[in-house]
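Read the structure below first, then the notes.
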Amino acid sequence: MRHATIIGTGRCLPEQVITNNDLASIVETSDEWITSRTGIKQRRISTGENTSDLAYKAGLRALERAGIGADVLDLIICATITPDSFMPSVACMVQDRLGAKKAAAFDLSAACTGLVYGMAVATSFIESGMFQTILVIGAETLSKVMDWTDRGTCVLFGDGAGAVVLQASEQKQGIRSMHMISDGSKQDYLSLSALPLLNPFVESGEQKITPYISMKGQEVFKFAVRTINDLIQKVLAKAELKEDDIKYVVAHQANYRIIEQAAKFAGIALDKFFVNLDLYGNTSAATIGIALDEMNEKKLLEPGDKIILVGFGGGMTSGAILVDWT
Ligand code: UT7
């Protein structure tokens, strides 16, 4: 059987650092409140680069780390809820800039679970024999969909991109198990409107949309803690492994208290959960790719390490992947 292995990771963060104190000068908040409720100390905010720019740079770095050229890519998937445009997709823009001439390319919308969903799709294409080498990117410029007068949301998010390159291998290694699930009945927990339905044939012209993220924070919090634990148990069972076999859990970086509680529920030591949300805040589809690239750079991952990637987000979507690191 063919397996999908991770052969490269990459990330790109905008230069501009915005601290909690910086935010306290534009909304009624404080470093103390943000730090104690979320663990976030700062985030990167783009002052010029759009989602495709960050996605391209993260993708290029992942290819460099993998030691391959863009010409071998069969597919590029970009997970994002903040594309430059509805059309063309960010993935097509990245394909052009990378010069990945033989690759198919499309965007995927699964909010903060986007990279995990993208990796699951890529793994299925690889295992089926359809494709050999796939670049999956999670990229966001959430700063353009923030209500910068709403202290309940604008302090949580940041901009950035993370990427992984997956390739087929005949060895029994790489992605060992996956689980994906969605619950559309909870769609009002996190939302971001697109264009209203307005055309000459619509009778009422009064359709207002708010082009910002809105969120039921406490509902998302409870959903996240429960879901992270459920998904960890699912991928462990599918891979026939136990909690003790896991070296690291790379959970979506939204709130340190979510990670703390999920670790307790899952019976996995908190220090096995990688955390960098203090530096970047919640970058939605990008968090897990950014974390993986940092871990790779810090040489935290060794061949044979079992790690779990677990995401949750608007939709509500959620998913996990258990990786046997190569
Ligand atoms: O990718 C998924 C993205 N979303 C999440 O993961 C969100 C999950 N939820 C959370 O992380 C937490 O629910 C929040 C951090 C968003 C909020 O924390 P909380 O402990 O649930 O606070 P809360 O919403 O119950 O608000 C408590 C108080 C309120 O004031 P009153 O009504 O008690 O007077 C808020 O108005 O804190 C106030 N508040 C703030 N105060 C200072 C809300 N945001 C802020 C702020 N600074 N930024």
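The values are calculated or read from the model by the stated rules, or taken from the named source; none is laboratory data. This one's a predicted model, so the numbers in the text were calculated from it and none came from an experiment. In this analysis, Cβ positions are derived from the backbone assuming ideal geometry, glycine residues included, and neighbour counts consider all displayed protein chains.
Having 3 or more residues that are within 27 Å of Glu297 (Cα to Cα) is the bar; report the helices (runs of 4 or more DSSP H) wholly within the stretch 5-101 that clear it. Explain how you work it out, then say what you get.
Numbers: elements: 20-24, 31-38, 51-66, 90-98.
Counting at least 3 such residues, we get 51-66, 90-98.
Out of (1) in a helix (DSSP H, G or I); (2) surrounded by 24 or more Cβ atoms within 10 Å (Cβ to Cβ); (3) in contact with a Lys or Arg (Cβ under 8 Å, 6 or more places away or on another chain), the odd one out for Glu127 is which?
(2)
So which pairs qualify, if the first residue must be in the stretch 12-38 and touching a residue at least 60 places away in the same chain (Cβ under 8 Å), the second must be away from the ligand (no atom under 12 Å from the Cβ) and among the small types (Gly, Ala, Ser), the Cβ gap must be under 6 Å, and the two must be at least 6 apart or on different chains?
Close Cβ pairs satisfying both conditions: Cys12/Ala58; Cys12/Ala161; Leu13/Gly160; Pro14/Ser46.
Does the stretch 229-239 include one or more residues that are buried (at least 21 other Cβ atoms within 10 Å of the Cβ), modelled with pLDDT of 95 or more and more than 19 Å from Thr123 (Cβ to Cβ)? I'd like the intermediate steps shown before the answer.
Residues of the stretch 229-239 buried (at least 21 other Cβ atoms within 10 Å of the Cβ): 231-232, 235-236.
Of the ones still in play, those that are also modelled with pLDDT of 95 or more are 231-232, 235-236.
Right, trim to more than 19 Å from Thr123 (Cβ to Cβ) and you get none.
So far as the stretch 229-239 goes, no, none of its residues is buried (at least 21 other Cβ atoms within 10 Å of the Cβ), modelled with pLDDT of 95 or more and more than 19 Å from Thr123 (Cβ to Cβ).
Among the residues that make up the stretch 95-109, is at least one of them away from the ligand (no atom under 16 Å from the Cβ), surrounded by 24 or more Cβ atoms within 10 Å (Cβ to Cβ), closer than 20 Å to Ile308 by Cβ and at pLDDT 95 or above?
No - not one qualifying residue is present in the stretch 95-109.
Within the stretch 133-177, can you find the residues that are of a type in the set (Phe, Trp, Tyr) and in a strand (DSSP E or B)? Can you show your working first?
From the stretch 133-177, those of a type in the set (Phe, Trp, Tyr) are 148, 157; that's our starting set.
Residue satisfying the conditions is Phe157 alone.
Looking at (1) touching a residue at least 40 places away in the same chain (Cβ under 8 Å); (2) within 14 Å of the ligand (Cβ to nearest atom), find the lone condition where Leu75 falls short.
The one condition Leu75 does not meet is (2).
Just checking, does the stretch 114-123 include any residue being of a type outside the set (Ser, Thr, Tyr) and either over 21 Å from Val323 (Cα atoms) or free of Cβ contacts under 8 Å to residues at least 40 places away in the same chain (or both)?
Taking the stretch 114-123 as the starting set, the residues that turn out to be of a type outside the set (Ser, Thr, Tyr) are 114-116, 118-122.
So of that shortlist, the ones also either over 21 Å from Val323 (Cα atoms) or free of Cβ contacts under 8 Å to residues at least 40 places away in the same chain (or both) come out as none.
Looking through the stretch 114-123, none of the residues is of a type outside the set (Ser, Thr, Tyr) and either over 21 Å from Val323 (Cα atoms) or free of Cβ contacts under 8 Å to residues at least 40 places away in the same chain (or both).
Among the residues of the stretch 270-326, which ones are of a type in the set (Asp, Glu) and within 16 Å of the ligand (Cβ to nearest atom)?
Residues of the stretch 270-326 of a type in the set (Asp, Glu): 271, 278, 293-294, 297, 302, 305, 324.
Correct list: Asp278 only.
Would you mention how many residues in the stretch 93-118 are over 19 Å from the mean Cα position of the chain (by Cα) and not aliphatic (A, V, I, L, M)?
Residues meeting the conditions: 6.
Can you tell me which residue within the stretch 251-269, out of those that are of a type in the set (A, V, I, L, M, F, W, C) and farther than 22 Å from Ile34 by Cα, is nearest to the ligand (Cβ to nearest atom)?
Kept after step one, since they are of a type in the set (A, V, I, L, M, F, W, C), are these residues of the stretch 251-269: 251, 254, 258-259, 262-263, 265-266, 268-269.
Among the residues that remain, those that are also farther than 22 Å from Ile34 by Cα are: 265-266, 268-269.
Values: Phe265: 16, Ala266: 17, Ile268: 19, Ala269: 22 Å.
Ranking the candidates gives Phe265 first.
If you scan the stretch 270-294, which residues turn out to be farther than 26 Å from Thr5 by Cα and without any contact (Cβ under 8 Å) to a residue 12 or more places away in the chain?
Leu270
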